[in-house]
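The values are calculated or read from the model by the stated rules, or taken from the named source; none is laboratory data. Source: prediction; values computed, not measured. So basically every Cβ, Gly included, is an ideal-geometry build from the backbone, and we count neighbours across all protein chains shown.
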Amino acid sequence: MYEKHYDRFSGGWSSDWVSLGGVFTSPPAIVSWGPNRLDVFAIGSDGAMWRKAWGGNNPTGWDVEDWYSLGGKFSTPPAVAARMPRRLDVVALGTDNQLYHISWQENWSNWEPLGGPFRGTPTIVSWGKDRLDIFVLGTDYVVWHKAWTGNAWSDWESPGGDMKWESEPVAVVSDLNRIELVALNQTDDQMYHKTLVASEWGEWGGIFNGVLTAVSLESKGLDIFGIGTDNAMWHHTWSDGQWATTYTWDQLGGVFALTV
């Protein structure tokens, strides 16, 4: 695995890629729970979950100690959320297609099964210290959702009913107690969007074609990026309940073979 970073004080990127070592079979997941702290996770060649941290004290950047194994056997890349300082929650699908969760708060918990079977990489987000929301595609191609509410996990629910989905769901926190969920529909290859506010789901809204990722840069705002059927990158903006009216999708160009 290699690392490159942007320094806002110097106003530029580090000159070279730095090797973090290890041999991995999945893309990494990275998160920060506070200033001068990064934690990166990936699935090793042994199928286990591995983690490495940067604490801001080592002049070369990443901590001197080697990668640390969290054990387990996994079939998907990890997903991670930081819901408060010095707290991490990590999820991934095991080789049995069940979802597993592990947490860190000074010490690591044991892996706990959360049910299944599922397919594809899960996504996990948090809008508060006592809240986690997990979304994952089932083997039935239905999007499933489970929440940690402070003292217990909720039951699995399907926010889209029995609608079938082509892509793994993407979830973004856009405000306190507000989650934006987008996914690509299996029937019409259209992108759909749903908002979770105060534990109630809004209606699904059809958008356009594309495999997607999303980010929130402002309260109740959402920027979606996807690969179109022309293999170009496309972008659309949603803000406080409505899509941008100045344009539909904005083509950013390029020719891409992989998802964003």
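So that you can scan it fast, the table gives a plain yes or no per residue for (1) crowded, with 18+ Cβ neighbours inside 10 Å; (2) at pLDDT below 95; (3) in contact with a helix residue (DSSP H, G or I) (Cβ under 7 Å, 6 or more places away or on another chain):
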{"site": "GLY61", "(1), (2), (3)": "no, yes, no"}
{"site": "LYS73", "(1), (2), (3)": "no, no, no"}
{"site": "ALA79", "(1), (2), (3)": "yes, no, no"}
{"site": "LEU93", "(1), (2), (3)": "yes, no, no"}
{"site": "ASP96", "(1), (2), (3)": "no, no, no"}
{"site": "GLU112", "(1), (2), (3)": "no, no, no"}
{"site": "GLY115", "(1), (2), (3)": "no, no, no"}
{"site": "GLY120", "(1), (2), (3)": "yes, yes, no"}
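Kindly indicate whether any position in segment 32-39 is of a type in the set (Gly, Ala, Ser) and not in a loop (DSSP other than H, G, I, E, B).
no
Looking only at segment 166-205, filter to residues that are part of a strand (DSSP E or B) and small (Gly, Ala, Ser); which one of those is modelled with the lowest pLDDT?
GLY205
Scan segment 97-155 for residues that are touching a Phe, Trp or Tyr at 6+ places or on another chain (Cβ under 6 Å) and either of a type in the set (D, E, K, R) or in the same structural domain as TYR192 (by TED's automatic domain parsing) (or both) and report the count.
1
Within segment 228-253, can you find the residues that are hydrophobic (A, V, I, L, M, F, W, C), in a strand (DSSP E or B) and at pLDDT below 75?
The answer is TRP238, TRP243.
Only strands (runs of 3 or more DSSP E) wholly contained in segment 56-143 count here; list those with 1 or more residues that are under 18 Å from the mean Cα position of the chain (by Cα) and over 18 Å from ILE179 (Cα atoms).
In segment 56-143, the matching strands (runs of 3 or more DSSP E) lie at 87-93, 99-105, 112-115, 118-128, 131-138.
In segment 165-184, which residue that is of a type outside the set (A, V, I, L, M) and touching an Asp or Glu at 6+ places or on another chain (Cβ under 8 Å) is nearest to LEU88 (Cα to Cα)?
SER174
When segment 6-51 is examined, which residues are found to be modelled with pLDDT under 90, surrounded by 10 or more Cβ atoms within 10 Å (Cβ to Cβ) and of a type in the set (D, E, K, R)?
Passing the criteria: only ARG37.
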